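Beneath this line is the structure, given in structure tokens, with notes to follow.
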Amino acid sequence: MTTSLHRKISLQSLGRRCMLAVAAFGIAAAVLAPVTATAAGSPLPKTKLAATDKLAALTLKSQAAPEAVTDFAQNAMTKLAADAPFTAWKNATAEYYPLGPGTHSWLVHVMSGSERIGYLIVTAVDGGGYTLSEYGAGTSGLPYSLTELRRFAAQEALIPSSSANLKLEALYAPLLPVWKLTVSGKTVYLNAVRLEVLPWNDSKAQAVLGQAAAEAGLDAALIPASAYKSAGPDDPYRDLRWLTAPKLGKLDGAMLKTLLTGGSVAFQAAGRNDTVGGPFMVTGVQSWHSSSSAGGAAEAVYAASGLGGKRYLPLKALQQAGTLHPLPLAGNAALGVATDAHPGAAK
């Protein structure tokens, strides 16, 4: 069964790369293709699969977080629980995990009994305070899933049966949850969202993970409006027309919602997608307002991203880290044309 699954994954990866080569019209496929399953400088051998007890050792231990972190997280959970897709959070509890190195960010698992039904990443900001680096709801397809990590480790034979020492760490770079897996002294870094081995050595990892902390916090007084989801595709490899679409200019929440009514928006960071988890699709938006201006101009905007649109990421961070490109629904080609009437079209 493991061999069959591995072959299926390999064929899917090959198929995606072929699609990119055909549809990019001269754009290098290597910029956008999924990362290969080899970590530069520290590959782990694919040998006999680890025993079940070795896979079970892939786990994290929750820790007590500072009161300021728990207060911020509980406040955000309470507000989000007022509306879909977060209503299951109303009676939820929270587990806290530091995202090293240091304790600048915390992973918060939103729990219903023993089941994870969502998550938040809370990050300290320069000058004091905290912000929501990202958040999302669901029981699968979320970052830092131990169940999905164990399945991937078995499929890719990342843990040899002869391995003696095993260590798992949860790390975070802006827009990119990361697993650091060390097996018998050899280290591999993985994208902790869609589970791909990153082409990083330790030096590259330190450079990416050592990026500056968030610049601005999320005011505790802000209230989230209802989340909006589009009918556009959520897989960047399903429809590649965005590759030749113009990049969008600066967007606010209202402009992004207007774009999404006609399709999806693709995010990429050409040449460095591995450092920000790109490419992926944006298929929804949620704006946070002050209580005195609800319904007016957004003060914080989060874009629903990835498969299923389950991850909410700061729109500002996306626009700083890469570029956004429109992808219209079938029959709505006008969305991909840069004109003055097109919200956010780059001049």
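Of note:
- Among residues other than Ala266 with Cβ under 12 Å from its Cβ, the summed charge is 0 (Lys and Arg +1, Asp and Glu -1).
- Sorting the segments 64-70, 318-324 by their mean number of nearby beta carbons within 10 angstrom, highest to lowest, gives 318-324, 64-70.
- Carbon + sulfur, % of accessible area of region 157-260 - ligands and nucleic acids excluded, 1.4 Å: 49
- Charge tally around Pro143: other residues with Cβ under 12 Å, Lys/Arg +1 each, Asp/Glu -1 each, net +2.
- Pairs of Cα atoms nearer than 8 Å and 6+ residues apart set the relative contact order; for region 85-170 it is 20 percent.
- The stretch between Ile223 and Ala254, if pulled fully straight at 0.36 nm per residue, gains 9.5 nm over its current Cα-Cα span.
- Over 32 Å (Cα to Cα) - which of Lys61/Lys229; Lys247/Lys310; Lys229/Lys250 fall in this group: Lys61/Lys229
- Label-to-label distance, nm, for residues given as Ala68 and Ala231 (7 Å Cα→Cβ offset): 4.7
- Inter-probe distance in nm under a simple model that places probes 7 Å from Cα toward Cβ, at Lys79 and Ser140: 3.2
The values are calculated or read from the model by the stated rules, or taken from the named source; none is laboratory data. Here the structure is a predicted model, which is why all the values come from computation and not from measurement. So basically every Cβ, Gly included, is an ideal-geometry build from the backbone, and we count neighbours across all protein chains shown. Quick note on the areas: whole protein, heavy atoms, side chains included, nothing else; ligands and nucleic acids left out. Shrake-Rupley method; radii C 1.70, N 1.55, O 1.52, S 1.80 Å.
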